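**Student:** Below is the structure I would like to discuss, written out as structure tokens.
The values are calculated or read from the model by the stated rules, or taken from the named source; none is laboratory data. Being a predicted model, the structure only gives us computed values, none of them experimental. Here Cβ is always computed from backbone atoms with ideal geometry, including for glycine, and neighbour counts include all displayed protein chains. For accessibility, only protein heavy atoms count, side chains too; no ligands or nucleic acids. Shrake-Rupley method; radii C 1.70, N 1.55, O 1.52, S 1.80 Å.
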Amino acid sequence: MSERTTSRGGLAADPGGGFWDALDGRERAALRDAGRPRTYRPRAPLCYQGDDSDHIIVIEAGWAKVVSSSPAGHSVVLAVRGPGDLVCESAVLGRRERSATVQALDEVRALLVPAARFTAFLDAHPRVWMLVSGTFVRRLDDAGRRLRAHVSAQGARRLAILLAGLAERSARHVPAGPGGEITLGPPLSQEELGSWMDASRETVARALAVLRDAGLVHTGRRQITVLDPPGLRAFAESPDD
């Protein structure tokens, strides 16, 4: 995990450094002592919606998506989490059933901490309580930004907002290419992107075509490279026609 991170963020892209990045060396050592390493294969669940809460997870490497499912079986991507992020935590701290499923997008290496040990860790390190609270606040802000983007942006610009945030976040973990291009970390399909931005797969495909024609992105199977990060950010911030 990186030692320090910064980002302006995007559509639910969790701006700023992750939870792990905000811990000092003593706190990290204590949390490692409280947990155990775990590896999740792609598509494996880190926790299930509706389950009782018995652990939290800190992602060390890899990416996961947060998915909420309705009783009718309709699933919506709510967010993407990556290296340094705390996941499956709100139900543990709120003493309730989990409100969403967290599922690995690629291989995820993580630190799994039983709920009782995590709360004991927090009691022994009061400063970290504030870091956890800050995580909740940032995610509420993310949800607000997502709602505003849905109201104010359409099609290609809405997707550009999401991709620009992911590019800024991915750049914290993988160096930019020689031309400044950034390959997005999370391997998201067009269906997953559409679910995240409340649009159809066809809308995502058209939006990607617009961004490709503008020379802003290159796409492959479950891979998007942002060729011009400043240009994509400018496109995202421009008004719709």
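**Student:** Output the residue which, of all residues in segment 133-174 that are under 14 Å from Gly18 (Cα atoms) and hydroxyl-bearing (Ser, Thr, Tyr), is modelled with the highest pLDDT.
**Tutor:** So the residue we want is Ser170.
**Student:** Next up: Any residue in segment 170-177 that is of a type in the set (S, T, N, Q) and open to solvent by 20 Å² or more (accessible area, probe 1.4 Å)?
**Tutor:** No, because not a single residue in segment 170-177 is of a type in the set (S, T, N, Q) and open to solvent by 20 Å² or more (accessible area, probe 1.4 Å).
**Student:** Let me ask something else. Counting just the residues of segment 116-139 that are within 20 Å of Glu97 (Cα to Cα) and open to solvent by less than 20 Å² (accessible area, probe 1.4 Å), which one comes out farthest from the chain's Cα centre (by Cα)?
**Tutor:** Of everything passing the filter in segment 116-139, Phe118 is farthest from the chain's Cα centre (by Cα).
**Student:** Just one of (1) more than 15 Å from Val77 (Cβ to Cβ); (2) open to solvent by less than 60 Å² (accessible area, probe 1.4 Å) trips up Met197, so point out which.
**Tutor:** Failed condition: (1).
**Student:** Let me ask something additional. Would you check if there is a residue in segment 200-211 being under 30 Å from Gly73 (Cα atoms), outside any helix (DSSP H, G or I) and at pLDDT below 95?
**Tutor:** yes
**Student:** Further question on the same structure: Within the set of pairs 6 or more residues apart or between chains, which connect a residue that is closer than 14 Å to Val210 by Cα inside segment 221-241 to a residue that is open to solvent by 90 Å² or more (accessible area, probe 1.4 Å) and in a loop (DSSP other than H, G, I, E, B) with Cβ atoms less than 8 Å apart?
**Tutor:** What qualifies is Asp240/Gln154.
**Student:** Would you point out which residue out of Val77, Val58 is at pLDDT below 95, not aromatic (Phe, Trp, Tyr) and not in a loop (DSSP other than H, G, I, E, B)?
**Tutor:** Val77
**Student:** Contact list please: Cβ distance under 7 Å, first residue in segment 47-63 and crowded, with 17+ Cβ neighbours inside 10 Å, second residue hydroxyl-bearing (Ser, Thr, Tyr), pairs at least six apart or on different chains.
**Tutor:** Partner pairs satisfying both residue conditions: Cys47/Thr101; Gln49/Ser68; Gln49/Ser69; Gln49/Ser99; Gln49/Thr101.
**Student:** Being part of a loop (DSSP other than H, G, I, E, B), closer than 25 Å to Leu78 by Cβ, in contact with a helix residue (DSSP H, G or I) (Cβ under 8 Å, 6 or more places away or on another chain) and open to solvent by 20 Å² or more (accessible area, probe 1.4 Å), is that true of even one residue in segment 183-192?
**Tutor:** Looking through segment 183-192, at least one residue is part of a loop (DSSP other than H, G, I, E, B), closer than 25 Å to Leu78 by Cβ, in contact with a helix residue (DSSP H, G or I) (Cβ under 8 Å, 6 or more places away or on another chain) and open to solvent by 20 Å² or more (accessible area, probe 1.4 Å).
**Student:** Please work out which one of (1) under 16 Å from Leu105 (Cβ atoms); (2) surrounded by 13 or more Cβ atoms within 10 Å (Cβ to Cβ) is the condition His218 fails and give its number.
**Tutor:** Against the list (1) under 16 Å from Leu105 (Cβ atoms); (2) surrounded by 13 or more Cβ atoms within 10 Å (Cβ to Cβ), His218 comes up short only on (1).
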